[in-house]
Amino acid sequence: MPLFPEPVAGIFEVYEWSLGREGFAADDVAHEFGFENPGRGEEIITELLELRLIQASRQRDAWFVPADPSIASSQLLTRSERELLGWKMATGQLRNELARLSLLFRSSKFGGRNANSFDVVKEPETVRLLLSEAAANSSHEVVCMQPRGGWPVDESAEVQDRDFRLLGRGVRMRVLYQHAARFDIPIREYAGKLVDAGAEIRTAGALFGKIYIFDRTAAYILANGEDGGAVVVQERSLIEFLYSCFDHVWATAKDFDSRRAETEVISSDMKKEIVRMLISGAKDEAIARRLGVSVRTCRKHIGQVMQMFGATSRFQFGYLVKEANLVEDV
């Protein structure tokens with residue numbers, strides 16, 4: 001249903017005409033505009049009343065006078081805008097709920113072979129609901145790759161509650177952070193609690209994406225940036241590929257001992273990765289993103305590495321490293 005009547009042809013011309021009169025009746029409208037159907041004048045007056053552009057005269061029956069359109073705008077459009085906003089919000093919530101239920105259906109026994117290999121979910125709230133439900137339904141193992149630190153502050157309580165409920169049910173949980181997480185106090189404290197609850201946590205120099213895999217039956221590739229969307233993977237071969245990628249990084253990652261920082265070891269690993277990326281021609285911003293550190297910290301490491309080789313420029317640094325074949329000895 002429309003939120004307000006749709007204006008029909010001619011009613012605004014009638015309003016402009018009425019501004020030059022003391023008032024008018026339906027017959028006046030029909031006579032002035034040459035309507036063959038006498039009811040046409042009454043129809044236009046009815047619509048002008050609904051749009052609040054005219055009002056009934058207090059001095060004479062069936063007599064009408066113009067009203068201020070600005071008052072009509074505040075009374076009619078403001079209310080309609082509020083109703084329209086309510087419809088828009090309700091539609092968005094329904095869309096999110098249907099998208100969530102659709103994914104759950106496709107992963108259930110009723111979805112069968114008709115399930116898509118992957119779905120794109122753009123709404124952050126829907127992604128959070130799907131992750132919570134996937135965790136609640138997991139019974140064997142959950143693996144997680146978390147580049148560049150943890151979750152936003154407003155989500156941390158929800159995520160922590162979800163993780164601890166998982167571990168409380170005896171589900172194995174493996175988490176990969178980047179080495180930079182060892183120097184982040186909130187992440188170190190949270191990681192310590194997870195380890196105490198039974199989780200296994202390791203760190204690596206660089207990770208290729210934020211990924212969750214639940215019982216090797218569903219995988220979530222979370223979007224970078226502030227959008228908060230995700231790609232939900234349901235195809236078995238794709239899930240197995242992502243799982244093998246996780247296992248490959250896990251095999252060479254270092255155990256996360258939240259009680260000591262291991263500053264020298266981790267700094268050495270980070271510097272090796274910086275050397276490799278510098279030789280490949282990567283920019284400071286790209287190196288910082290890959291290592292999960294700020295650009296300022298990244299440039300500090302670059303300066304330290306160049307100083308180790310006595311290089312005064314990146315070109316000279318690349319030449320010295322390649323000539324000596326010292327990448328692994330940094």
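Can you find, within segment 8-31, the residue that is modelled with the lowest pLDDT among those that are exposed (fewer than 15 other Cβ atoms within 10 Å of the Cβ) and in contact with a helix residue (DSSP H, G or I) (Cβ under 7 Å, 6 or more places away or on another chain)? This residue is Val8. Close contacts from segment 34-61, counting a first residue that is at positive phi and a second that is outside any helix (DSSP H, G or I), with Cβ to Cβ under 7 Å and a gap of 6+ residues or different chains, come to Arg52/Ala67. Being part of a helix (DSSP H, G or I) and in contact with a strand residue (DSSP E or B) (Cβ under 9 Å, 6 or more places away or on another chain): is that true of Ala180 here? Spelling it out, Ala180 is indeed part of a helix (DSSP H, G or I) and in contact with a strand residue (DSSP E or B) (Cβ under 9 Å, 6 or more places away or on another chain). Consider segment 183-201 and keep the residues that are in a helix (DSSP H, G or I) and aliphatic (A, V, I, L, M). The one that is modelled with the lowest pLDDT is Ile185. If the condition is being within 25 Å of Asp215 (Cβ to Cβ) and either β-branched (Val, Ile, Thr) or in contact with a His (Cβ under 6 Å, 6 or more places away or on another chain) (or both), then segment 159-200 contributes Val159, Val171, Val175, Val195. Within segment 251-277, the set of residues being assigned to a helix (DSSP H, G or I), open to solvent by less than 20 Å² (accessible area, probe 1.4 Å) and at pLDDT 75 or above comprises Ile274, Val275.
Looking across segment 202-216 at every residue that is assigned to a strand (DSSP E or B) and of a type outside the set (Ser, Thr, Tyr), the one that is farthest from Leu131 (Cα to Cα) is identified as Ala204. The set of residues in segment 194-217 that are among the polar types (S, T, N, Q) and closer than 24 Å to Gly228 by Cβ contains only Thr217.
Applying the criterion of being of a type in the set (S, T, N, Q) and surrounded by fewer than 16 Cβ atoms within 10 Å (Cβ to Cβ) to the residues of segment 223-250, the residue that is nearest to Val127 (Cα to Cα) is Asn224. Of the residues making up segment 18-39, not one is part of a helix (DSSP H, G or I), among the aromatic types (Phe, Trp, Tyr) and over 17 Å from Leu53 (Cβ atoms). Those helices (runs of 4 or more DSSP H) of segment 61-159 in which at least 3 residues are at pLDDT below 85, open to solvent by 80 Å² or more (accessible area, probe 1.4 Å) and of a type in the set (A, V, I, L, M, F, W, C), considering only elements entirely within it, cover 78-106. Filtered by the rule that a residue be buried (at least 17 other Cβ atoms within 10 Å of the Cβ) and either in contact with a Phe, Trp or Tyr (Cβ under 6 Å, 6 or more places away or on another chain) or of a type outside the set (Ser, Thr, Tyr) (or both), segment 168-183 gives Val171, Met173, Arg174, Val175, Leu176, Gln178, His179, Ala180, Ala181, Arg182.
The values are calculated or read from the model by the stated rules, or taken from the named source; none is laboratory data. The structure presented is a predicted model; accordingly, all values stated were derived computationally and were not measured. For neighbour counting, all protein chains shown are included, and Cβ atoms are generated from backbone atoms with ideal geometry for every residue, glycine included. Heavy atoms of the whole protein, side chains included, go into the accessibility calculation; ligands, DNA and RNA do not. Shrake-Rupley method; radii C 1.70, N 1.55, O 1.52, S 1.80 Å.
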